[in-house]
Amino acid sequence: MNVSSAKSALSDTLSVFLPTPVQTLLLRACLWKDGSGREASGTWLQQHSRQSGKQLQEDHLKSLLPLLFATFQRNGVEADHEFLTILRAASLREELRVQTYRRICREVLSAFAAAGIASIVLKGAALADLVYDHPALRHCHDLDLLLEESDPAKAIRLLSSLGFSLIERALPLSEWQDLQFVHESGLPVELHRSLFRLPLYNTIAPEMQARSHIQHVADVPVRILTPTDQLLHACGHAASCASRESLRWACDAWLLIERFPNLDWDLLEDCARRSHLTLPLSVLLSYSATELRAPIPATFLTRLTARAAQASTVECEAALWGAHASGRGRFKNLLRMTSTWRAWIFVLRWILFPSPTYVRAMRYVRSSWHLPFYYLSRPLRYVAQRESR
């Protein structure tokens, strides 16, 4: 099989990363401004408002309602009274919620600073203050902190003193990667040992951490990633987590690009290459440029797409793992969305017999002699997963 041909066709398979056409209309209504925004909002309302109010309240997209309401107000969009009432109520609830969220964040971040615990604020908590007009427009389910200390014991004790409980974990503390806590109010806090879920993507994480700078989050001076690194992290997270279905990644990326027109695109391309994220990044940013009109330089996208077509086998397999992370990425759907027979064979081989390099890169085995046992047990694990569903 010509593997390079299969890899260049994986963009169709990886379209499971992307919002549906209906969701794209919603994103345009949330993000576009002035005449384009009013037109996009009118198109979305005309096609979906009859069912949208109740649906958006019930599903995972409800976190976009405050942003949609703010955009409607800014663009002077007219909608029926019932639907506007739903948007207004959602916006008010988020404004009340964000007061509690920011108060707890302030306590945690201030305590970390006072105790000298080095950390970087990630994802929604950092972006809400950085690129959104108001923090309440970016729903934050939890507080994500990259802990820069190998031993989390001090952070665990501090969070416990602030009313947080550590969620029970199976692995010993010496092997921790992520630690999840829940506050007595119900707010989760997650401590991360690395920037990305996939070990393969963390190649340049130390550089990204070194470039971090001071920014106020919840009125506390903390360290966050640079805008260029924020964009890479947002897309890398979307390419490997089921939470991308909330569409917050698309809003984060679009607003980062809009608010920082001088993003270092050469650095982003270089970081994507060295962190093995070129393939998923090309899919996500091509969508942002073509469907959401994000002002991304065409020359950058051309170079990124060319590099994505040259992605290595293990990079393609890692991207498929990320695609499989959400409900839309089930194996049957991945195969159905693959457009060429060569790519179809590549996907099927990854499902049944992933490369040893991929298995080791994902740290599924501790040593090479475990590989035969991993391959023998893989079908059994797949059957067990189906049964558990």
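The values are calculated or read from the model by the stated rules, or taken from the named source; none is laboratory data. Model, not experiment: these values are computed from the prediction. Please note: Cβ atoms are built from the backbone with ideal geometry, for glycine as well, and neighbour counts cover all protein chains shown.
Restricting the search to helices (runs of 4 or more DSSP H) fully inside segment 315-389 and requiring at least 3 residues that are at pLDDT below 85 and farther than 20 Å from Ala238 by Cα gives 371-388.
For (1) in contact with a helix residue (DSSP H, G or I) (Cβ under 7 Å, 6 or more places away or on another chain); (2) at pLDDT 95 or above; (3) more than 22 Å from Cys251 (Cα to Cα), each residue gets a yes or a no:
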| position | (1), (2), (3) |
| --- | --- |
| Leu158 | yes, yes, yes |
| Leu166 | yes, no, yes |
| Leu187 | yes, no, yes |
| Arg193 | no, no, yes |
| Arg197 | no, no, no |
| Arg211 | yes, yes, yes |
| Val222 | yes, yes, yes |
| Asp229 | yes, yes, no |
| Ala234 | yes, yes, no |
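Rundown of residues vs (1) closer than 29 Å to Ala361 by Cα; (2) part of a helix (DSSP H, G or I), yes/no style:
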position: Glu190; (1), (2): yes, no
position: Ile214; (1), (2): no, no
position: Leu232; (1), (2): yes, yes
position: Ser243; (1), (2): yes, yes
position: Leu255; (1), (2): no, yes
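Just one of the listed residues (Arg303, Arg293) is on the phi > 0 side of the Ramachandran plot and either surrounded by fewer than 23 Cβ atoms within 10 Å (Cβ to Cβ) or part of a helix (DSSP H, G or I) (or both), namely Arg293. The residue list Trp254, Trp249 contains one member that is free of Cβ contacts under 8 Å to residues at least 40 places away in the same chain and in contact with a helix residue (DSSP H, G or I) (Cβ under 7 Å, 6 or more places away or on another chain), which is Trp249. A count restricted to segment 104-137 and to residues that are part of a helix (DSSP H, G or I) and without any contact (Cβ under 8 Å) to a residue 12 or more places away in the chain stands at 1. Among the listed residues Val189, Val222, Val217, identify the single one that is more than 20 Å from the chain's Cα centre (by Cα), surrounded by 17 or more Cβ atoms within 10 Å (Cβ to Cβ), of a type outside the set (S, T, N, Q) and under 20 Å from Asp129 (Cβ atoms). Residue meeting the stated conditions: Val222. Here is the figure for segment 64-90: residues that are buried (at least 20 other Cβ atoms within 10 Å of the Cβ) and among the hydroxyl-bearing types (Ser, Thr, Tyr) total 1. Val217 falls short of the stated requirement of being free of Cβ contacts under 8 Å to residues at least 40 places away in the same chain, in contact with a Leu (Cβ under 9 Å, 6 or more places away or on another chain) and within 19 Å of Arg103 (Cα to Cα).
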